[in-house]
Every structure is written in C-alpha cells, then in structure tokens.
1. Suppose each label sits 7 Å from its Cα in the direction of the beta carbon; what would the L70-K140 distance come out to in nanometres?
2. Using the beta-carbon distance between K154 and Y364 and R0 = 30 Å, what value does 1/(1 + (r/R0)^6) give for FRET efficiency, to the nearest 0.05?
3. Using the charge dipole of the chain (Lys, Arg: +1 at Cβ; Asp, Glu: -1 at Cβ; taken about the Cα centre), state which of Q317, G265, N363 has its Cα farthest towards the positive end.
4. Charges only on Cβ, +1 for Lys and Arg, -1 for Asp and Glu: so what's the dipole of the range 234-317 about the Cα centre, in debye to the nearest 20?
5. Using the Karplus curve 6.51 cos²θ - 1.76 cosθ + 1.60 with θ = phi - 60°, what ³J(HN,Hα) values do you get for each residue of the range 201-215, in whole Hz, with x for Gly and Pro?
6. Between H319 and N42, with labels modelled 7 Å along Cα→Cβ, what's the label distance in nm to one decimal, could you check?
7. Sorted by mean Cβ packing within 10 Å, highest first, what order do the peptides 260-270, 326-336 take?
8. Which whole-number value in Å³ per residue fits the convex hull of the alpha carbons of the chain?
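Nothing in this text is a laboratory measurement; each read-out follows from the coordinates by a stated rule. If you're wondering where the values come from, they're calculated on a predicted model, not measured in any experiment. With ideal geometry, Cβ positions are generated from the backbone for all residues, glycine too; neighbour counts draw on all protein chains shown.
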Amino acid sequence: MTIALWVCLFLVFYTFFGYGILLFVLVKLRTMIMGKRPVPNNGGKWPSLTLVVSAYNEEDCIAQKIENSLSLTYPQDKITYLFASDGSTDATPAIIAKYPQITLMHRPERKGKIAAMERAMHEVTSEVVIFTDANTMLNKEALMNICRHYHDPKVGAVSGEKRVSIADVADATAGEGFYWKYESKLKTWDSELYSVVGAAGELFSVRTKLYEPVPPDTILDDFMISLRIAEKGYRIIYEKAAYATETGSENITEELKRKIRIAAGGIQSIVRLKSLLNPFNNFVLCFQYVSHRVLRWTITPFLMVLAFILNGIIAFQYHGTVYVTLFAMQVFFYGLAVLGWILEKRQVRIKALFIPYYFCMMNYAVAAGIRRYFLKQQSVTWEKAKRK
C-alpha cells in the first residue's frame, strides 16, 4: 500500500511540476552541449500566407477582429484573408461582407469549426496558412514572427502564444491566466528541447503542403492537425513573440464547460495518435508527449484521488509522522479548494484561494471529459464558452 501511495504521489508531482523541472534541466544541458537555437533569419524572403478565421455568431467582435487582421504587419502582396462563417444566424456574414479585402465563405448549415476550416483549406494556395479564432486579437508583428521560422525546412508548424487578460478584480477564472502563464513556459522549453506537443487554436500555422484533413468528428482540430505534422518528423515551434489575446471565461461554469470539451478531445486525440506513444518512432517527441499531455489527460486525476484515499488509510492505521503530515497537507490543499469554491459562489474574490480551486476543477474536468467521450456525448459543433 505504501509503495502504491508513493508511486501515485510521484506521478502526480511529475505531471504538474516534475516534468517542468526536468525539462528545464534538459534544455540547459542541450544549450551547453549544442548551443542556443539560432534566431530565425529568412533574409527578407517571406512565404505566401493565408490568414484563416472560422466564425460562428461573432457579430460582437468580428469587426474588431477584421480591423486587427488588416492592421497586422506583413507584405501585402504575400497575404490573403479568408473568413469562413459556419452556420452563423446573426450579422456576422453581413459584417464580413463589408470588407472587400476579406474573402467570405459563408454556409448556412452549422457543421462545426473543423468543417469550416476544411472548406477554407480547399481555397488555400499559399505556402503557409495561419489559423486564428474570431474572438482573439493578435499583436502587430505576429505574422512576421511566425513566418520567419519557415525558412527552416525542418519546421512544419508554428504555434503562437495564448494570453488571457485578467481583470484587476478577478473571480475564480483568474486561475486560467495563471495556468496559461505556466503552460507558456513549458511550451517554450518544449520548443527549445525539440518540439511543442500540440498547437493552440487561438493562433497556429502549418506548411500548407503538410496539412492533412482530420476526421469530421475531431474535437481538438488544432491539436490533431499539428501533431499529425509532428508524426512525419517535422518540428512544431512555439513563438512567444506572436500572441493572441482574449478575455477569460465569463465565470467558472463557462470555464468548466470549456475544460471538459478539451479533456474529451484530449482522450480522443490519444486514441487516434497511437504512433506518438511508440518511443522507437521518435524518442524525444514521445517523452514530451507522454509527460506533457498523456499523463494529464488520462491517469493523473484518478491518481490524485487514489493517493488521498491511500494516504488517509495509512495515516490512520500506522500513525507514521511522514504519512500523517502528507495527509494533513492534502487535506489542507483540498480544503483551500473547497473554500475557494464557497467564496466564488458568494462572489468573494481572494485570488490565492482560486488557484487550488481552479486546479481541482481542471482535474475534475478531465474525468468528466473522459466520461463524455466514451459515452459519445461530446458534439463537434461549436460550444463557445462565454467570455468576459
């Protein structure tokens, strides 16, 4: 029983903290041995580019998105703007149609984001395609900072950074912002070691010739599209100097809905990307994929519950100081999470308590997402989380 407890605790620690520590050390060792990865320099030769935006009922922000897109720095003779409206029933298509620079692809049937992306890809003839969400705004140099990496023929995809703006007085969704800051650091180190394991849909790009359609029921299209390219031996780069900014979820209920969908998509991706679990195909990529994604999306949340139960049994049966202390620490942490949940319900905002609450909510979402996936209850059509 004690061995099982320590195995559970080790895997939980490794998943959320240990991998980051090990990754940091490996990157430092790689830099010492091989030097820092060179800053990309394309000599002023920019690839042709298509900016693709999929939209569903985005009338509140689509004009701002268009203005933001048209203001981005990139050679105008090299860029095309394509907006695909999927079943929008509001003024989204009409607003897009007001801009002659934008190619509008509207279809009244609602089939989901991946269907809209597929329609758009049939029209793409450029060397590079960049996907970005309708409700995210890009920094002015984002396209340049992404496309400079394609001078390296080993690069197959480039992911930008997702930034979540946090209000000065935030509720429990403040945890989303802290989470993405930590994720950004891990992705930076992943990219420096070898490759990012999956791109964020808010802003990512691929070499058009490497793009492969994914099944129409794919939940995490961005993740699957990018890792299909990694399967072929190409690197996915993480570019912090290209970022997409969006507001946090409107409330914790909306954030939970989003997290469950991601978790369902995560387990679907693991089932479909079996080759990445074979270390003989690409050992480093397999190591990164399992450490950064697979453990989080499969066993770790359940190991947290098992560790709590085992620790409680051992502490009450044997009264060892170490086990009593460990159990007390777990009770204290989960107590903070419960307190954060209570305060969030009462709209009392203490950020320090929202972090353990968000952490527990995130792991609950994994279990709920796995259940939803195997019960085939996850729809592929848009389930937009309401934003602030």
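1. Label at L70, label at K140, 1.7 nm between them.
2. For K154 and Y364, the calculated efficiency is 0.15.
3. Of the listed residues, the answer is Q317.
4. Dipole size: approximately 320 debye.
5. Those phi angles translate into x, 4, 6, 8, 9, 9, 5, 4, 5, 9, 5, 10, x, 9, x Hz.
6. A separation of 7.0 nm, rounded to one decimal place.
7. Answer by packing, highest mean first, reads 260-270, 326-336.
8. In the chain, the Cα hull volume divided by residue count equals 153 Å³.
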